[in-house]
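Below is one structure; the comments refer to it alone.
The values are calculated or read from the model by the stated rules, or taken from the named source; none is laboratory data. Not measured: the values here are computed from a predicted model. Here the Cβ positions follow ideal geometry from the backbone for every residue, glycine too, while neighbour counts run over all protein chains shown.
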Amino acid sequence: MAQYQDDIKAVAGLKEKQGSSWNAISPEYAARMRAQNKFKTGLDIAKYTAKIMRADMAAYDADPAKYTQSLGCWHGFIGQQKMISIKKHFNSTERRYLYLSGWMVAALRSEFGPLPDQSMHEKTSVSALIRELYTFLRQADARELGGLFRQLDAAEGAAKAAIQEQIDNHVTHVVPIIADIDAGFGNAEATYLLAKQFIEAGACCIQIENQVSDEKQCGHQDGKVTVPHEDFLAKIRAIRYAFLELGVDDGIIVARTDSLGAGLTKQIAVTNKPGDLGDQYNSFLDCEELSADQLGNGDVVIKRDGKLLRPKRLPSNLFQFRAGTGEARCVLDCVTALQNGADLLWIETEKPHIAQIGGMVSEIRKVIPNAKLVYNNSPSFNWTLNFRQQAYDALKAAGKDVSRYDRAQLMSVEYDETELATLADEKIRTFQADASREAGIFHHLITLPTYHTAALSTDNLAKEYFGDQGMLGYVANVQRKEIRQGIACVKHQNMSGSDIGDDHKEYFSGEAALKAAGKDNTMNQF
């Protein structure tokens with residue numbers, strides 16, 4: 001980075017002006033510290049990552065093969081390790097983000113203990129996690145550059161030039177985070193205040209859903225309740241104002257609709273004339289026609305086309321939509337959101353089915369031609385069963401003999417080596433590319449991957465370590481694999497920042513520095 005050499009010169013100039021009192025200050029050390037701390041504030045990060053995401057959106061519009069991906073995070077270390085692994089395996093972070101899941105914050109970060117995804121957790125814990133994620137990503141930069149600086153000091157000749165080139169072209173671990181603000185945790189003002197905390201922590205992209213804040217449910221649970229469009233649009237505008245106030249002019253808003261699986265509403269929308277947005281929302285209500293003399297105590301009625309209609313009201317005081325209207329409501333939600341300031345869509349579905357998603361996107365694109373989605377490749381879906389069922393249906397439709405398969409038992413291991421299972425797995429493998437091409441999906445994410453991987457790996461370790469394998473259960477299945485796969489965390493002292501601290505001790509104390517990385521540090525075994 002030319003900036004590194006420029007900083008050396010700039011600090012040298014400052015040192016000269018300060019005279020002898022700065023004799024012990026090394027311009028090169030100061031320049032290294034600046035390089036290791038490229039982003040000074042969360043707003044620096046939000047502005048930087050917003051530009052990345054906008055460029056990726058434009059690239060996708062030109063070529064739907066250029067979709068983006070992310071994995072959900074519930075701790076800064078998890079996000080850090082994902083990006084370290086991505087750089088290690090792909091030498092680039094291009095089109096790869098992080099996702100911050102409200103579900104995982106509720107389940108793993110709340111002071112109340114594990115909670116369902118119902119917005120009962122402390123809302124500030126979400127912005128705190130954004131800040132934590134970027135703290136860990138910035139530390140990954142500092143650690144990587146610190147290693148290069150130490151190599152630079154030890155190198156000579158052509159080797160030194162090669163290392164200098166790596167420093168000059170260093171790729172940061174800092175990438176966009178799509179941050180889940182649930183249903184806004186209150187009214188539009190509450191949404192605005194929380195959105196500002198998100199952005200100040202570094203978020204360039206905020207996802208909000210059209211559920212009622214105090215009735216919010218996980219997108220894959222029952223009992224979801226939506227709000228009229230004007231209520232939702234007020235929150236979208238609140239987030240946009242938060243971005244603009246803080247100078248992140250190209251911040252991204254993801255408008256999520258849960259209408260496909262939400263059969264309830266808490267409010268009848270305000271409508272001023274036939275066909276307006278409120279009237280369209282109310283048109284989906286499950287109603288019965290009645291006359292004025294049939295009105296009962298406390299009945300709520302609406303008038304449409306000269307008729308009195310009584311919406312079906314449940315004992316919960318909620319109103320019910322007509323069955324089978326979910327897709328039409330999703331389309332209206334999406335078009336309305338994009339027409340009122342949202343940038344991307346999220347349609348929460350009950351299964352990963354390209355034809356279903358693509359059908360809705362096709363309707364949306366009749367109005368908004370460049371509409372594109374963020375899609376939850378959710379662990380709530382039984383991917384194996386869903387795609388084996390799709391493969392079964394495809395084989396049957398093609399006239400193939402499917403008599404050997406029991407469609408209700410397709411998860412069975414006995415089918416693992418069959419033509420059906422092979423076809424299903426190939427459909428799973430290509431799902432993201434296919435859906436991005438055929439269903440307008442710009443970004444694919446998995447909400448809860450490390451929740452499940454942590455549970456799986458812990459189960460395997462516990463079974464071995466506390467069983468007959470004892471210490472070999474850890475060594476063979478963890479440490480030996482770390483060493484052979486080049487997992488940086490095998491040197492856990494280095495990963496925690498010990499070497500960065502040693503560098504600073506040398507900068508601050510010179511030869512008097514008491515370093516941790518001496519000959520007796522057991523990390524030298526690796």
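Which one is surrounded by the most Cβ atoms within 10 Å (Cβ to Cβ) among residues in the stretch 479-488 that are under 20 Å from I86 (Cα atoms) and without any contact (Cβ under 8 Å) to a residue 60 or more places away in the chain? Filtering first and then ranking leaves I487. Of the listed requirements (1) within 28 Å of L448 (Cβ to Cβ); (2) of a type outside the set (K, R); (3) touching a helix residue (DSSP H, G or I) at 6+ places or on another chain (Cβ under 6 Å); (4) part of a loop (DSSP other than H, G, I, E, B), V270 misses just one: (1). Among the candidates L332, L309, L318, L277, the residue that is under 23 Å from Q356 (Cα atoms) and modelled with pLDDT of 90 or more is uniquely L332. Annotation: of all residues in the stretch 78-90 being surrounded by fewer than 19 Cβ atoms within 10 Å (Cβ to Cβ) and in contact (Cβ under 8 Å) with a residue 12 or more places away in the chain, the one that is nearest to K196 (Cα to Cα) is K87.
Scanning the stretch 487-524 for residues that are under 30 Å from L461 (Cα atoms), in a helix (DSSP H, G or I) and of a type in the set (A, V, I, L, M) yields a total of 4.
Here G184 clears all of (1) outside the structural domain of Q339 (by TED's automatic domain parsing); (2) among the small types (G, A, S); (3) over 20 Å from M360 (Cα atoms) except the condition numbered (1). In the stretch 294-391, counting only strands (runs of 3 or more DSSP E) that sit wholly within it, the ones holding 2 or more residues that are under 30 Å from Y241 (Cβ atoms) span 344-347, 373-376. In the condition set (1) out of contact with any helix residue (DSSP H, G or I) (no Cβ under 8 Å at 6 or more places or on another chain); (2) surrounded by 13 or more Cβ atoms within 10 Å (Cβ to Cβ), A323 is compliant with all but (2).
Each row is one residue, and each column tells you yes or no for (1) surrounded by fewer than 18 Cβ atoms within 10 Å (Cβ to Cβ); (2) in the same structural domain as L137 (by TED's automatic domain parsing); (3) on the phi > 0 side of the Ramachandran plot; (4) basic (K, R).
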| residue | (1), (2), (3), (4) |
| --- | --- |
| A30 | no, no, no, no |
| K47 | no, yes, no, yes |
| A55 | yes, yes, no, no |
| A62 | yes, yes, no, no |
| A65 | yes, yes, no, no |
| Q69 | yes, yes, no, no |
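Here the stretch 334-389 is the region considered, the condition is being among the charged types (D, E, K, R) and more than 20 Å from the chain's Cα centre (by Cα), and the residue that is surrounded by the fewest Cβ atoms within 10 Å (Cβ to Cβ) is K366. Restricting attention to the stretch 98-139, the residues being of a type in the set (G, A, S) and surrounded by 22 or more Cβ atoms within 10 Å (Cβ to Cβ) number 5. Of the residues making up the stretch 91-114, just one is without any contact (Cβ under 8 Å) to a residue 24 or more places away in the chain and of a type in the set (S, T, Y), namely S110.
Looking only at the stretch 2-18, residues that are modelled with pLDDT under 90 and farther than 16 Å from Y29 by Cβ come to 1 in all. If we keep just the residues of the stretch 224-248 that are assigned to a helix (DSSP H, G or I) and not hydrophobic (A, V, I, L, M, F, W, C), which is surrounded by the most Cβ atoms within 10 Å (Cβ to Cβ)? It comes out as K235. If you go through the stretch 19-33 and keep only what is under 26 Å from L145 (Cβ atoms) and part of a helix (DSSP H, G or I), you end up with W22, P27, E28, Y29, A30, A31, R32, M33.
Just a yes or no: is a residue in the stretch 229-239 among the β-branched types (V, I, T), closer than 23 Å to F442 by Cβ and modelled with pLDDT of 95 or more? Within the stretch 229-239, one or more residues are among the β-branched types (V, I, T), closer than 23 Å to F442 by Cβ and modelled with pLDDT of 95 or more.
Once the stretch 237-279 is narrowed to residues that are touching a Lys or Arg at 6+ places or on another chain (Cβ under 9 Å) and charged (D, E, K, R), the residue that is nearest to P176 (Cα to Cα) is D250. For Q432, the stated conditions hold: it is surrounded by 12 or more Cβ atoms within 10 Å (Cβ to Cβ) and out of contact with any helix residue (DSSP H, G or I) (no Cβ under 9 Å at 6 or more places or on another chain). Picking from residues in the stretch 496-526 that are in contact with a helix residue (DSSP H, G or I) (Cβ under 6 Å, 6 or more places away or on another chain) and at pLDDT below 85, the one that is farthest from E144 (Cα to Cα) is A513. Say whether the condition of being touching a Ser or Thr at 6+ places or on another chain (Cβ under 9 Å), among the hydroxyl-bearing types (S, T, Y) and in the same structural domain as G76 (by TED's automatic domain parsing) is met by at least one residue in the stretch 205-214. Looking for residues that are touching a Ser or Thr at 6+ places or on another chain (Cβ under 9 Å), among the hydroxyl-bearing types (S, T, Y) and in the same structural domain as G76 (by TED's automatic domain parsing), one finds at least one in the stretch 205-214, hence yes. Applying the condition of being under 28 Å from C205 (Cβ atoms) and in contact with a Phe, Trp or Tyr (Cβ under 6 Å, 6 or more places away or on another chain) to the stretch 252-268 and asking which residue is surrounded by the most Cβ atoms within 10 Å (Cβ to Cβ) yields R256. Elements of the type helices (runs of 4 or more DSSP H) sitting completely within the stretch 395-486 and holding at least 2 residues that are within 26 Å of Y375 (Cβ to Cβ): these cover 419-429, 431-438, 449-465.
Checked against the criterion of being without any contact (Cβ under 8 Å) to a residue 12 or more places away in the chain and either farther than 19 Å from Y97 by Cα or not small (G, A, S) (or both), the candidates S380, S403 yield just one match: S403. With respect to the conditions (1) touching a residue at least 24 places away in the same chain (Cβ under 8 Å); (2) more than 30 Å from N282 (Cβ to Cβ); (3) out of contact with any helix residue (DSSP H, G or I) (no Cβ under 8 Å at 6 or more places or on another chain); (4) among the charged types (D, E, K, R), D168 lacks only one, and its number is (3).
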